[in-house]
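Okay, so here's the structure we're looking at.
The values are calculated or read from the model by the stated rules, or taken from the named source; none is laboratory data. Keep in mind the model is a prediction, meaning the values are calculated, not measured. Glycine also receives a Cβ, built like all others from the backbone with ideal geometry; neighbour counts cover every protein chain displayed. Ligands, DNA and RNA are stripped out before the accessible areas are found, and what is left, the full protein with its side chains, is counted by its heavy atoms. Shrake-Rupley method; radii C 1.70, N 1.55, O 1.52, S 1.80 Å.
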Amino acid sequence: MKLNSIVADLGAAGEFDGREITFITDNSAKVTQGCIFVCIEGRHFDGHTKAEQALKDGAAAVVVQKDLGLKNQILVKNTRSAYARLCAAFFGHPERKLKIIGVTGTNGKTTTCFIIKSALDSLGHKTGLIGTVKNIVGDKEYPASLTTPDCYELFSLFNEMVACGCEYCVMEVSSQALDQRRVDGVHFEAAIFTNLTRDHLDYHGSFENYKAAKHMLFENSSLAVVNIDDDSAEYMLSDTECRNVTFSVNNDNCDYSAKNIRISAEGVKYELVSNENIGRVKFGVPGKFSVYNSMGAAVCLIEMGMDFKAVLAAIAECGGVPGRMEIVPTDTPYTVLIDYAHTPDGLENVLLCVREITEGKVIAVFGCGGDRDKTKRPIMGEIAARLADIAVITSDNPRSENPESIIEDITEGIGKHSSRIIVDSDRTGAIRKALAAAQKGDVVVLAGKGQETYQILASGKIHYDEREIVSKILSEKAGETK
């Protein structure tokens, strides 16, 4: 696309020539001949300091929100918002050719998105997916580095979806992405709110800021599907122009409710009830949270015009989600589960679910991420000590922090709970201890990593797949007994 056309699409002032734009980036290290460099003012680095150098390195123009007096600068009010809109224009506005469904909330985003994609595919609607586990475009799968990608990657994915004939895109929309304006200019056909609990306060500074960021999704949506059992639901429903639809497990004062809920090791079954319809939902992942996730997905699709019975039948065909209550294949008399639970609410939900379906002991292995919200650490320690028979406290992604210091923060919350506490800052050592303690009928929950196949240490990112770790430990154990 030509520079003058992109600038006109952005609505910025100034005279620019018709040279062809080759790339758009906010990373000064990726500046190439003929690109547009967007100057983002972050917490630790201000891209404006690299604007002049970017032009010398061949950038066709720089986008700024401070007047630097440069010849080829595009002056805008907010460069973060401009970056998203420039990428949309660069790819020919693919977001306008898709029906986009956004899912936000602390927990449940990934599973809800997978359910929606699976159901839409079953109903004959080709659907792309963007989220934490992976990005899916047609038959191709791409690794995901962020829950909601960088603007250029995001619109590139939209463009590829359009090119391969996708009608829908379902995507996780994180609070950071909303705050950083990565989806500015994107209109959502529907937006789902799952729940809101403590998370990312290291970034947002306060729960109120976190909540306000989530609300931004509903300010540019046609339909809001909201879990009214959550304390933040009323806030999400306020001050928007979209059509609001509510669902609940605990309250009849809503548009859709769940009745006669049955939870077993095989999954959940319940009746989805509205004023017009009633039907049985079956979803093959256990836990009360699975009721909420499947409800949000079902209600969204029904309210978007899909047939009620067809939607419920499609959800019954959905499989599991990588890293969410994922059973690790082991030839043992006990069960090993991997789950992404890394927040207090997430950990409590998983352990309560496992407690319901476990004949023996619940053994939980977990840690907390370094350089992240410290206030949730003792809360998660209390939850694990209260709900697990054995709590093995270890590292997650310690990053630049000392793992021992993180563990000290976690153990402050244990108090007088009766769980047997084991501490091992080496995650592999912790998993080994958990497996050694497991007996027939027990369930070992490896919480926090989920679909991740890496660990972030002070020295950098290393390969770390818990499925491989479990297999290796059990193989070594089998070799010792021969």
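State all residues of the stretch 135-174 that are under 24 Å from residue 216 (Cα atoms) and free of Cβ contacts under 8 Å to residues at least 12 places away in the same chain; if no residue qualifies, say none.
Matches in the stretch 135-174: 145, 153.
Return the residue satisfying two criteria in turn: it lies in the stretch 24-49 and is in a helix (DSSP H, G or I) and touching a Lys or Arg at 6+ places or on another chain (Cβ under 7 Å), and of such residues it is nearest to residue 150 (Cα to Cα). Talk me through it step by step, then tell me what you get.
Going through the stretch 24-49, the residues in a helix (DSSP H, G or I) turn out to be 28-30, 47-49.
Next cut, touching a Lys or Arg at 6+ places or on another chain (Cβ under 7 Å) only: 28, 48.
Working: 28: 15, 48: 19 Å.
Ranking the candidates gives 28 first.
Within the stretch 431-468, track down each residue that is buried (at least 20 other Cβ atoms within 10 Å of the Cβ), over 17 Å from residue 394 (Cβ atoms) and of a type in the set (D, E, K, R).
Passing the criteria: only 442.
For the stretch 346-362, enumerate the residues that are in a helix (DSSP H, G or I) and β-branched (Val, Ile, Thr).
Listed by number, the residues that qualify are 350, 354, 357.
Scan the stretch 164-181 and tell me whether some residue there is on the phi < 0 side of the Ramachandran plot and of a type in the set (Lys, Arg).
Step one: list which residues in the stretch 164-181 are on the phi < 0 side of the Ramachandran plot, which gives 164, 166-180.
When the remaining residues are screened for being of a type in the set (Lys, Arg), the result is none.
No, every residue in the stretch 164-181 fails to be on the phi < 0 side of the Ramachandran plot and of a type in the set (Lys, Arg).
List the residue pairs whose Cβ atoms are under 7 Å apart, where the first residue sits in the stretch 371-392 and is open to solvent by 60 Å² or more (accessible area, probe 1.4 Å), the second is part of a helix (DSSP H, G or I), and the two are 6 or more positions apart or on different chains.
Note: pairs meeting the criteria are 372/202; 374/409; 375/201; 379/344.
Given the conditions (1) hydroxyl-bearing (Ser, Thr, Tyr); (2) closer than 16 Å to residue 83 by Cα; (3) out of contact with any helix residue (DSSP H, G or I) (no Cβ under 7 Å at 6 or more places or on another chain), report the number of the one that residue 49 does not fulfil.
Exception for residue 49: condition (2).
Is one or more of the residues making up the stretch 50-60 closer than 23 Å to residue 18 by Cβ and in a strand (DSSP E or B)?
The first filter runs over the stretch 50-60 and keeps only residues closer than 23 Å to residue 18 by Cβ, leaving 51, 54-60.
Then drop every residue that is not in a strand (DSSP E or B), which leaves none.
Looking for residues that are closer than 23 Å to residue 18 by Cβ and in a strand (DSSP E or B), one finds none in the stretch 50-60, hence no.
How many residues are crowded, with 19+ Cβ neighbours inside 10 Å and more than 20 Å from residue 228 (Cα to Cα) if we restrict to the stretch 252-267?
1
Here's the yes/no breakdown for (1) over 28 Å from residue 224 (Cβ atoms); (2) not charged (D, E, K, R):
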site: 10; (1), (2): yes, yes
site: 67; (1), (2): yes, no
site: 84; (1), (2): no, yes
site: 97; (1), (2): no, no
site: 102; (1), (2): no, yes
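Out of all the residues in the stretch 85-106, is one or more assigned to a helix (DSSP H, G or I), open to solvent by 10 Å² or more (accessible area, probe 1.4 Å), touching a strand residue (DSSP E or B) at 6+ places or on another chain (Cβ under 7 Å) and farther than 30 Å from residue 339 by Cα?
Checked against the condition, which is being assigned to a helix (DSSP H, G or I), open to solvent by 10 Å² or more (accessible area, probe 1.4 Å), touching a strand residue (DSSP E or B) at 6+ places or on another chain (Cβ under 7 Å) and farther than 30 Å from residue 339 by Cα, the stretch 85-106 yields at least one hit.
Which numbered condition in (1) within 22 Å of residue 110 (Cβ to Cβ); (2) modelled with pLDDT under 95 is the only one that residue 272 fails?
The one condition residue 272 does not meet is (2).
Can you give me the ranges of the helices (runs of 4 or more DSSP H) entirely in the stretch 368-466 with at least 2 residues that are more than 20 Å from the chain's Cα centre (by Cα) and among the small types (Gly, Ala, Ser)? Step through it out loud before you land on a result.
Details: elements: 376-387, 403-411, 427-437.
Those helices (runs of 4 or more DSSP H) span 376-387, 427-437.
Just need a number here: residues in the stretch 177-194 that are open to solvent by 40 Å² or more (accessible area, probe 1.4 Å) and in a helix (DSSP H, G or I).
So the count comes out to 1.
For the stretch 165-177, state whether one or more residues are closer than 21 Å to residue 42 by Cβ, modelled with pLDDT of 95 or more and in contact with a strand residue (DSSP E or B) (Cβ under 6 Å, 6 or more places away or on another chain).
For the stretch 165-177, residues closer than 21 Å to residue 42 by Cβ, modelled with pLDDT of 95 or more and in contact with a strand residue (DSSP E or B) (Cβ under 6 Å, 6 or more places away or on another chain): present.
So, in the stretch 327-345, how many residues would count as being part of a strand (DSSP E or B) and either modelled with pLDDT of 90 or more or open to solvent by less than 20 Å² (accessible area, probe 1.4 Å) (or both)?
Initially, the stretch 327-345 is screened for residues part of a strand (DSSP E or B), giving 327, 335-339.
Those left that are additionally either modelled with pLDDT of 90 or more or open to solvent by less than 20 Å² (accessible area, probe 1.4 Å) (or both): 335-339.
Looking only at that region, the number is 5.
Determine whether residue 49 is in contact (Cβ under 8 Å) with a residue 24 or more places away in the chain, of a type in the set (Ser, Thr, Tyr) and either under 28 Å from residue 179 (Cβ atoms) or surrounded by 20 or more Cβ atoms within 10 Å (Cβ to Cβ) (or both). It would help to see each step written out before you state the result.
Numbers: in contact (Cβ under 8 Å) with a residue 24 or more places away in the chain: no; of a type in the set (Ser, Thr, Tyr): yes; either under 28 Å from residue 179 (Cβ atoms) or surrounded by 20 or more Cβ atoms within 10 Å (Cβ to Cβ) (or both): yes.
Answer is no for this residue.
Mind checking whether some residue in the stretch 78-88 is without any contact (Cβ under 8 Å) to a residue 24 or more places away in the chain and closer than 21 Å to residue 182 by Cβ?
Here is the first cut: in the stretch 78-88, the ones without any contact (Cβ under 8 Å) to a residue 24 or more places away in the chain are none.
No: the stretch 78-88 contains no residue that is without any contact (Cβ under 8 Å) to a residue 24 or more places away in the chain and closer than 21 Å to residue 182 by Cβ.
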